[in-house]
Amino acid sequence: MDEAVVSRGRKLQVVGLLSGFTAGAWLGAAEAPTKLVSVGISPVVISLIMVVGVFLARWSVPALILGTSSVRADVRRTPHLIIWAVLAGCIWAVANTLTIFAIRDVGLSIAFPLWNSNSLLGILWGFVFFNELRGAGWRRWSGVLGGVLVMCLGAWILAVASASAAAGPAAHASRGVAAALGAGILWGTMYIPYRKAYLTGMNPLSFVTFFTFGEVGMMGTLAVSFTGAAGLWHQLVEARGVLFWLMLGGFVWVIGDLFQQYAAKYVGISRGIPLSNSNQIWGLLWGVFVFGELHGRGASVYAQVVGGSLLMMLGVGAIAFSSAGGEEQVRWREAAAREGLRYGVAADFVEARMDGRSSVGEVAGRRRWWDFVLIVAATGVFVVFGWMARVPRMDLRWGPALLLSLVSLGMLAGCGVVIWRTTRFQ
């Protein structure tokens, strides 16, 4: 490969790595509001309101960064990806609902690492469909496969710990473990549309905009099916004092997911998913230090949860630092060319987006007056629900919550600057 191409590839690998770790911090913080399930709110209602926050964020954030004209341009070039984005959104909605049940039955610090089994599927699908790890040397293969084995061991330890650490009876613990693993399977499969989108050049900001239609449609269907229209309205009215916090959780999740999208684009799903699954450590921090999940438990439970999480993170680290070399990146480009040919996308456009730049003659998106209307409208909805909000009566530790929030904001700013300087958010 040309030296300039290799140098550019290294820079994009750095973008992907930083995006993955930043995604972990924000995805971890986003699940904290789901602890409201402990004050009697239905898991389905929690998931639905989070999706409403997601919907508002997915339209307003792209409008703020690049403008909706950039989204329209992407759709004209790659219209086939709209259906893939909607499908991914449907899968996400079901998986997210399962995570709410898992948190209720086994707790945040236990559920996180279990549903992060999606890393295993991500590695498999990346290899089978998108040429990831093909052409990689034995060291990278050893790092990825060794990381997988360590992650499996950590997940097993955490599953054993869940039986004694769960808040409910043993039957509920088993149900929570099943829900968390089911979410992992769905989320691991969801990344196939992600990678298809980015190999053929769609901007992550455009992809997530249409992703949300699948989320809202599927989640609305699930909510009505579980509770009925009248029952759903009654629960929403009863929970109006805490809806703001759930919508805020959805907004925070979108920030994390955007970084996860850039990780999946620039280091692939076989590495991007494990990187973003560092959210398990953030989930552990929020669960233990902010919500006091393991307070009063025995030393053995602490050892299992902390030890299992650390093992899983060692596996994540091994995978993350087995970065794609020149030969593997050549195979990535072959997969991109194949996808572009299949859907009739111009080769120069696909190549440019693979390199994180605009193609020749491509006009940069501009923000127009309707973009600001979208931003103001979304902000207004949050203000209205914030005005109605009340602080839930829960045992929260505000000091650790503030510290974790500040660290997450710092990572957001730092990684955002790197993405802008390297790719202009392409």
Q: Quick one: in the range 397-426, of everything that is touching a helix residue (DSSP H, G or I) at 6+ places or on another chain (Cβ under 7 Å) and outside any helix (DSSP H, G or I), which residue is surrounded by the most Cβ atoms within 10 Å (Cβ to Cβ)?
A: 426
Q: May I ask you to verify whether residue 360 is modelled with pLDDT under 85, in contact with an Asp or Glu (Cβ under 7 Å, 6 or more places away or on another chain) and open to solvent by 40 Å² or more (accessible area, probe 1.4 Å)?
A: yes
Q: Test each condition in (1) within 24 Å of residue 18 (Cα to Cα); (2) among the β-branched types (Val, Ile, Thr); (3) surrounded by 21 or more Cβ atoms within 10 Å (Cβ to Cβ) for residue 345 and report the one that comes out false.
A: (1)
Q.
Tell me whether the range 317-325 contains one or more residues that are under 23 Å from the mean Cα position of the chain (by Cα), in a helix (DSSP H, G or I) and closer than 28 Å to residue 379 by Cβ.
A. no
Q | Close pairs (8 angstrom Cβ cut-off, 6 or more residues apart or separate chains): on the phi > 0 side of the Ramachandran plot in the range 368-381, assigned to a helix (DSSP H, G or I) and at pLDDT 80 or above anywhere | A | none
(Q) Criterion first (under 17 Å from the mean Cα position of the chain (by Cα), in contact (Cβ under 8 Å) with a residue 60 or more places away in the chain and open to solvent by 20 Å² or more (accessible area, probe 1.4 Å)) does residue 252 satisfy it? (A) yes
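Okay, residues lined up against (1) on the phi > 0 side of the Ramachandran plot; (2) at pLDDT 80 or above; (3) out of contact with any Leu (no Cβ under 7 Å at 6 or more places or on another chain):
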position: 2; (1), (2), (3): no, no, yes
position: 34; (1), (2), (3): no, no, yes
position: 38; (1), (2), (3): no, no, yes
position: 44; (1), (2), (3): no, no, no
position: 51; (1), (2), (3): no, yes, yes
position: 60; (1), (2), (3): no, no, no
position: 66; (1), (2), (3): no, no, no
position: 79; (1), (2), (3): no, no, yes
position: 83; (1), (2), (3): no, yes, yes
Q: Taking residue 163 as meeting all but one of (1) over 30 Å from residue 307 (Cα atoms); (2) assigned to a helix (DSSP H, G or I); (3) modelled with pLDDT under 75, write down the number of the exception.
A: (1)
Q) Identify, please: which residue in the range 107-140 is among the β-branched types (Val, Ile, Thr) and at pLDDT 75 or above and is, among those, least open to solvent (accessible area, probe 1.4 Å)? A) 123
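The values are calculated or read from the model by the stated rules, or taken from the named source; none is laboratory data. Given the structure is predicted, the values throughout are model-derived calculations rather than measurements. So basically every Cβ, Gly included, is an ideal-geometry build from the backbone, and we count neighbours across all protein chains shown. Just the protein is used for accessible areas: all its heavy atoms, side chains included, with ligands, DNA and RNA removed. Shrake-Rupley method; radii C 1.70, N 1.55, O 1.52, S 1.80 Å.
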